[in-house]
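Asker: Quick one: the structure is below, and I'll ask about it shortly.
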Amino acid sequence: MSDEENKELIYRNNRELHYGFDPEKGYVARVDYQYHGNQTIIQQGWDAAEDRLKEVSVKISAGKLSPLAWHMEKNLMELPMLSAYTGIMKWRIKRHLKPGIFKKLKPGLLGRYGSVFNITIEELKNPPIN
Amino acid sequence: MDSKSLMINYTHRQAGHCESGATSNLYNFYGYKMSEPMAFGIGTGIYFSYLPFIKLMFAPMMSFRNLPNTVFRRSANYLGVDATVIKKFSNVKDSMDALDRNLEKGIPTGVQVGVFNLTFFPPEYRQHYNMHNMVVFGKEGDLYHISDTVMEHPQTLTYDDLVRVRWAKGAFAPKGKMYWINQMPKELDIKKGVELGIKKSVYEMTKVPFWLIGIKGMKVMGRDIKKWPKKHGNQKAAFYLGQILRMAEDFGTGGAGFRYIYGAFLKESGQKFENAVLLDAADLMGRTANKWREFTYIGARNCKNRSSQPEEDYNTLGDMMLEIAGMEEQVFKKIEKVKI
């Protein structure tokens, strides 16, 4: 990796083993950060997730979705996955995405969601939306 | 829970791909020097499938490697190693007790996990990806010692965190899956392993009678890429393209969608058995992998600065994919009838 590219790195958490091929030298292996071009692509994935989260936040502020939707998006979960984690049927989760119904949920049910997202019931009810 | 300290003298070595890395490290633990590419090649890690009707992280799904556990299972099979795979447990406690029993017996044990809640994992990779592998090689009180070949150094996880990742949910949920080696044969017949491994990979890459698997799938994807900007618009096309690049280059591929590792396997086998056909194929695989790298490089630039002439650019990329498919086809044609 050139110094120029190295300066622009977005992620520096872990060096990985990369293989390569040089027509002269044959196969080589080196340990380094993910190269810059690929880091851009990883970031693209997270930017898209961020955009989806913003969309959901707007809908929650407008009273169209319950806070549960925010946590689903934050945890990159879709219905089938949340259903598998919580053991709550999909159609019930769908209902809980409606603000009116979410407000009336009992602590037991909220706790089940909370434990999957690893947060308290208070945090579940009040996602950080500005 | 007891607070006994159990540490197995296991050597953590970093690798390009999680499962072949774990497999090679396990073989090394039992005294057989086995490089990562050899484990990957014999275990038929190389693969390609393109399943546009299944959406993974909101984009078409494709895979550059075989289903989880193939590398470990097949390499053990082909080499005559006595190994055990427990596909799933019915409950959490059983899965953890079985692991503890193994550690008490001094058996380093591989586990399949999801990475979303893997606390030591680089945050940028923490998605709902359930096909990750690591080896548990020790326990101190509540802490498990983990060798994850993506990481530079060995790691630890608490009991609860380990349960969380072993019981991740979603596509390919691990359900507590674990695997280990019981006993090595007196002598490892590497030659037979290489032969069987190559034969299987040739079948999977060129002969599966389904149009989305192997080289055929690559060609379909190449043609699809050309249609993306018109069909989905520029933004979505860039996101779809990004999916190919992420799957090909993200953690645990060793680069270029495992093509470098496979090439290194062909090279090592060619040198070991002094086989010119394999060496020749290894060279071509290396150049194919470099072409993949070029594809991801151009693709990444394309995703970053949205192109002003998408149709032309995606046409070029599609053509490149077709060229890559042609090159890989050559590789597998070469090794199809190889005698070693």
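What follows draws every value from the coordinates through simple rules; no lab data is involved. Predicted, not measured: the structure shown is a model, and the values here were computed from it. In this analysis, Cβ positions are derived from the backbone assuming ideal geometry, glycine residues included, and neighbour counts consider all displayed protein chains.
Asker: Could you please find all residues in segment A:109-129 being part of a loop (DSSP other than H, G, I, E, B) and either surrounded by 15 or more Cβ atoms within 10 Å (Cβ to Cβ) or touching a residue at least 40 places away in the same chain (Cβ under 8 Å) (or both)?
Answerer: To start, the set of residues in segment A:109-129 that are part of a loop (DSSP other than H, G, I, E, B) comprises A:118-120, A:126-129.
Listed by number, the residues that qualify are A:Ile119, A:Asn126, A:Pro127, A:Ile129.
Asker: Further question on the same structure: Please enumerate the residues belonging to segment A:81-108 that are assigned to a helix (DSSP H, G or I) and crowded, with 16+ Cβ neighbours inside 10 Å.
Answerer: First, pick out the residues of segment A:81-108 that are assigned to a helix (DSSP H, G or I): A:81-86, A:90-96, A:99-103, A:107-108.
Scanning segment A:81-108 gives A:Met81, A:Leu82, A:Ser83, A:Ala84, A:Tyr85, A:Thr86, A:Ile93, A:His96, A:Pro99, A:Phe102.
Asker: Go through (1) more than 30 Å from B:Leu196 (Cα to Cα); (2) touching a Phe, Trp or Tyr at 6+ places or on another chain (Cβ under 6 Å) and name the single condition B:Ala289 misses.
Answerer: Failed condition: (1).
Asker: Anything in segment B:91-133 that is touching a residue at least 12 places away in the same chain (Cβ under 8 Å), touching a helix residue (DSSP H, G or I) at 6+ places or on another chain (Cβ under 7 Å) and within 14 Å of chain A (Cβ to nearest Cβ)? List them, or say none.
Answerer: Scanning segment B:91-133 gives B:Val92, B:Gly114, B:Val115, B:Asn117, B:Leu118, B:Thr119, B:His128, B:His132.
Asker: Sticking with this structure for a sec: Is it the case that some residue within segment B:220-230 is assigned to a helix (DSSP H, G or I), facing another protein chain (nearest Cβ under 10 Å) and crowded, with 17+ Cβ neighbours inside 10 Å? Spell out how you get there, then give the answer.
Answerer: Kept after step one, since they are assigned to a helix (DSSP H, G or I), are these residues of segment B:220-230: B:220-230.
Within this subset, residues satisfying the condition of being facing another protein chain (nearest Cβ under 10 Å) are none.
No, segment B:220-230 has no match at all.
Asker: Which one of the conditions (1) assigned to a helix (DSSP H, G or I); (2) touching a Pro at 6+ places or on another chain (Cβ under 8 Å) does B:Ala168 fail to meet, given that it meets all the rest?
Answerer: Checking B:Ala168 against (1) assigned to a helix (DSSP H, G or I); (2) touching a Pro at 6+ places or on another chain (Cβ under 8 Å), the one that fails is (1).
Asker: Looking only at segment B:37-51, decide whether some residue is under 23 Å from A:Met81 (Cβ atoms), of a type outside the set (Ser, Thr, Tyr) and either over 13 Å from the mean Cα position of the chain (by Cα) or surrounded by 22 or more Cβ atoms within 10 Å (Cβ to Cβ) (or both).
Answerer: Yes, segment B:37-51 contains at least one residue that is under 23 Å from A:Met81 (Cβ atoms), of a type outside the set (Ser, Thr, Tyr) and either over 13 Å from the mean Cα position of the chain (by Cα) or surrounded by 22 or more Cβ atoms within 10 Å (Cβ to Cβ) (or both).
Asker: Give the number of residues within segment A:56-80 that are assigned to a loop (DSSP other than H, G, I, E, B), among the aliphatic types (A, V, I, L, M) and within 16 Å of A:Asn126 (Cβ to Cβ). Walk me through it before giving the result.
Answerer: Narrowing segment A:56-80 to residues assigned to a loop (DSSP other than H, G, I, E, B): A:62-66, A:75-78.
If we keep only those that are among the aliphatic types (A, V, I, L, M) as well, we get A:62, A:65, A:76-77.
Subset that is within 16 Å of A:Asn126 (Cβ to Cβ): A:65.
Residues that pass the stated criteria total 1.
Asker: Please determine, by comparing only the residues of segment B:234-281 that are within 8 Å of chain A (Cβ to nearest Cβ) and within 15 Å of B:Met38 (Cα to Cα), which one is farthest from the chain's Cα centre (by Cα).
Answerer: B:Lys267
Residues checked against (1) surrounded by fewer than 16 Cβ atoms within 10 Å (Cβ to Cβ); (2) facing chain A (nearest Cβ under 8 Å); (3) not polar (S, T, N, Q):
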| residue | (1), (2), (3) |
| --- | --- |
| B:Glu294 | yes, no, yes |
| B:Ala300 | no, yes, yes |
| B:Pro310 | no, no, yes |
| B:Asn315 | yes, no, no |
| B:Glu323 | yes, no, yes |
| B:Val331 | no, no, yes |
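Asker: Going by the conditions given, is A:Lys74 surrounded by 14 or more Cβ atoms within 10 Å (Cβ to Cβ), of a type outside the set (S, T, N, Q) and without any contact (Cβ under 8 Å) to a residue 12 or more places away in the chain? Step through it out loud before you land on a result.
Answerer: Values: surrounded by 14 or more Cβ atoms within 10 Å (Cβ to Cβ): yes; of a type outside the set (S, T, N, Q): yes; without any contact (Cβ under 8 Å) to a residue 12 or more places away in the chain: no.
For A:Lys74, the condition - surrounded by 14 or more Cβ atoms within 10 Å (Cβ to Cβ), of a type outside the set (S, T, N, Q) and without any contact (Cβ under 8 Å) to a residue 12 or more places away in the chain - is not met.
Asker: Just to be sure, is A:Tyr19 within 7 Å of another protein chain (Cβ to nearest Cβ) and aromatic (Phe, Trp, Tyr)?
Answerer: Working: within 7 Å of another protein chain (Cβ to nearest Cβ): yes; aromatic (Phe, Trp, Tyr): yes.
When the stated conditions are applied, A:Tyr19 passes them.
Asker: Report yes if some residue within segment B:201-219 is of a type in the set (Asp, Glu) and crowded, with 22+ Cβ neighbours inside 10 Å; otherwise report no. Before the answer, list the steps.
Answerer: Kept after step one, since they are of a type in the set (Asp, Glu), are these residues of segment B:201-219: B:204.
Subset that is crowded, with 22+ Cβ neighbours inside 10 Å: none.
Looking for residues that are of a type in the set (Asp, Glu) and crowded, with 22+ Cβ neighbours inside 10 Å, one finds none in segment B:201-219, hence no.
Asker: Run B:Ile340 past the list (1) crowded, with 19+ Cβ neighbours inside 10 Å; (2) of a type outside the set (D, E, K, R); (3) in a loop (DSSP other than H, G, I, E, B) and report the number of the one that doesn't hold.
Answerer: The number of the failed condition is (1).
Asker: Of all residues in segment A:75-112, how many are under 16 Å from the mean Cα position of the chain (by Cα) and of a type outside the set (A, V, I, L, M)? Please lay out each step first, then the result.
Answerer: Taking segment A:75-112 as the starting set, the residues that turn out to be under 16 Å from the mean Cα position of the chain (by Cα) are A:75-82, A:85.
Next cut, of a type outside the set (A, V, I, L, M) only: A:75, A:78, A:80, A:85.
The number of residues fulfilling the criteria is 4.
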